[in-house]
Structure formats: structure tokens, C-alpha cells
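Reviewing the structure listed below.
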Amino acid sequence: MSSADDVAKAFCQHFYQTKDANAAQLAGLYTAQSVMTFEGQQFVGTQNIMQKLQSVGVVKHTVKGMDVQPSTSDSAILIFVTGSVQIDNGNPLHFCEMFQLVATGPGAYYVHNDIFRLNYGL
Amino acid sequence: MSADDVAKAFCQHYYTTKDSNVAALAGLYNQQSIMTFEGQQFAGTQNIMQKLQSVGQVKHVVKGMDVQPSTSNTAILIFVTGTVQIDNGNPLHFCEMFQLVATAPEAYYVHNDIFRLNYGL
């Protein structure tokens, strides 16, 4: 059985690699219950979320930090990621993103919550 | 109060208090609370408060706040981005997430708290 840390590590690796290479393949991680906020705009359900993710352009993420905590039940995990991202080969920008993964079965998680923000300007 | 209203009120209170009198944050946490600060995890009010009080003088400027319902209607997720000065140093980017859980109508505690600085490119 994977610990929450193992699940989170595997999830992050898969999520960012897929997001960078072929965003369409992220669809299976979301469901009708999923809520994603991207730079302040909220999208609900796989279709709306995927439409947004596929509109962002070419992205390349570098993950620098990942924190994991148990959520309010043992079938839910919170993951907090910080790092940098290049959009359409631009300058790297700081980003942070949080996920709440919920298990539908042993080892089978979907993304219930996803919030992404760039962190720029001082 | 809507989740957005709760989150707005919480953030305002949280950062104002953190900047002026961090000890007064104790009532927001309990035995179940977990806080991760720059990669180190602390569980329960005592450990969390010990860490928060050791950070030094801080001044936060909140730039973004996103709110989502968590997995039940008594829990809210809040995601904050902004800048922070530690001991009057240069402002640094930070991001912080909270999961608030209601113990009774409008009475929330912080179940999860994760804080990270976001520096270096």
C-alpha cells in the first residue's frame, strides 16, 4: 500500500509530465465533481477544465517543492506544489498549485480540487 | 455567510493577526491541525504556535485569494498568494493554503495549513 507521500510523488510526476507533453491526457484525472481555479477563473467538471487547460499554450514546469498532508478523511490527500513554469517558451515564472486527491477505490484517485496561480510582481 | 465571505474574513483576520500578534492565532488551531512551513510539518496547536512564534517579524501583502468547496459542505479550501517581508527584509513571494473545517455553523478551525516561500528562478 502506498503512503500518501508515495501517491503524491507519483501523481505530481505524472501530472506535470503529461501537462507539458500532452495536456489532453489529463482528462482521466478529473470528473464531473472536479473544480479547478486557474489564475482566478473557476471551471467545474472535466469538459470545462480540459477546455481551459488545452487553451494555455505550450508549458514547461519545473517543480521545486511539494508538500503533502492528509485531508479530513483517509481517502483524501492535499498536495501543495511550488516551482517555475515557462509559457510558450517565455521567461520562467513562479507558480504554485494545490490539489486535493480523493480515492474512489484503493490506489485510485481523482482530482477533486485544483488551484493554480502564477506568483509574479513585487 | 458564503464560502467566499468566510474566506475573505478569515484571510483578513489571519494575516493582520500574524503580522501584529502571532500568539493570538492559537484559537484557530486544535489537536487535529497540521501545518507545514517551508517543508517542515507540525501537528497540534502547541507545536504549530511554537513554530509560528519563532519566525520573526513578518509583514504580509495578500495579492490573490482563491476559494473552493472541499469534499463536504463544512469544509473550505483557501489558496493565498502574495509577498512577505521577514524581519524587514526584501519582499519575497509566498503561497499558502488552508482547509477550514466547521465545528458548528460559522465556527471554523484550520485543519490544514501549508506555507511556502517562492523564490529563486
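Observations on the model:
- From the alpha carbon centroid of segment A:95-122 to that of segment B:1-19 is 22 Å.
- Interface residues of segment B:99-116, defined as those with an accessible-area decrease of at least 20 Å² between the chain by itself and the complete set of protein chains (probe 1.4 Å), are B:GLN99, B:HIS111, B:ASN112, B:ILE114, B:ARG116.
- For q = 0.11, 0.14, 0.16, 0.21 Å⁻¹, Debye-computed log10 I/I(0) when each Cα of segment B:13-121 counts as one equal scatterer: -0.34, -0.55, -0.73, -1.26
- Over 22 Å (Cα to Cα) - which of B:LYS18/B:LYS63; B:LYS8/B:LYS63; B:LYS18/B:LYS51; B:LYS8/B:LYS59; A:LYS64/B:LYS8 fall in this group: A:LYS64/B:LYS8
- Straight-line cross-link reach from A:LYS9 at under 20 Å between alpha-carbon atoms covers these aspartates and glutamates, not counting any fewer than eight positions away in the same chain: A:ASP20, A:ASP67, A:ASP74, A:GLU97, A:ASP114, B:GLU38, B:GLU96, B:ASP113.
- Rounded to the nearest 20 debye, the dipole size of chain A about its Cα centre is 200 debye, using +1 on the Cβ of Lys and Arg and -1 on the Cβ of Asp and Glu.
- Per residue value of the accessible surface for segment B:1-75 (all protein chains in place, 1.4 Å probe), Å²: 53 Å²
- Among the residues of segment A:51-78, those with an accessible-area drop of 30 Å² or more from chain alone to full protein complex, heavy atoms and 1.4 Å probe, are A:LYS64, A:ASP67, A:GLN69, A:PRO70, A:THR72, A:LEU78.
- Size of the A/B contact, given as accessible area buried on both chains, probe 1.4 Å, in Å²: 2900 Å²
- GNM result for chain A, Cα springs below 10 Å: residue of A:LYS64, A:LYS19, A:LYS52 fluctuating most strongly: A:LYS64
- Annotation: the antiparallel percentage among DSSP beta bridges lying fully within the protein assembly as shown is about 90.
- Reachable lysines from A:LYS52, criterion Cα separation under 18 angstrom, eight or more residues apart if same chain: A:LYS19, A:LYS60
- Surface composition of the protein assembly as shown: carbon and sulfur make up 49 percent of the accessible area, probe 1.4 Å.
- Spin-label model distance (nm) - B:GLN41 vs A:LEU93, 7 Å beyond Cα toward Cβ: 3.2 nm
- Using 0.36 nm per residue and subtracting the Cα-Cα separation, the extra length available between B:ALA104 and B:GLN31 on full extension is 24.6 nm.
- FRET efficiency, B:ALA9 to B:GLN57 (Cβ-Cβ, R0 25 Å, nearest 0.05): 0.55
- Where the alpha-carbon atoms of segment B:30-91 are placed on the principal axes, they occupy 40, 29, 17 Å, in descending order.
- GNM on chain B, alpha-carbon springs under 10 angstrom: the most fluctuating residue among B:THR17, B:THR83, B:THR71 is B:THR71.
The values are calculated or read from the model by the stated rules, or taken from the named source; none is laboratory data. Just so it is clear, the structure is predicted and the values come from calculations on it, not from any experiment. Using ideal geometry, Cβ is built from the backbone for each residue, glycine included, and neighbour counts are taken over all protein chains shown. Accessible surface areas use protein heavy atoms only, side chains included; no ligands, DNA or RNA. Shrake-Rupley method; radii C 1.70, N 1.55, O 1.52, S 1.80 Å.
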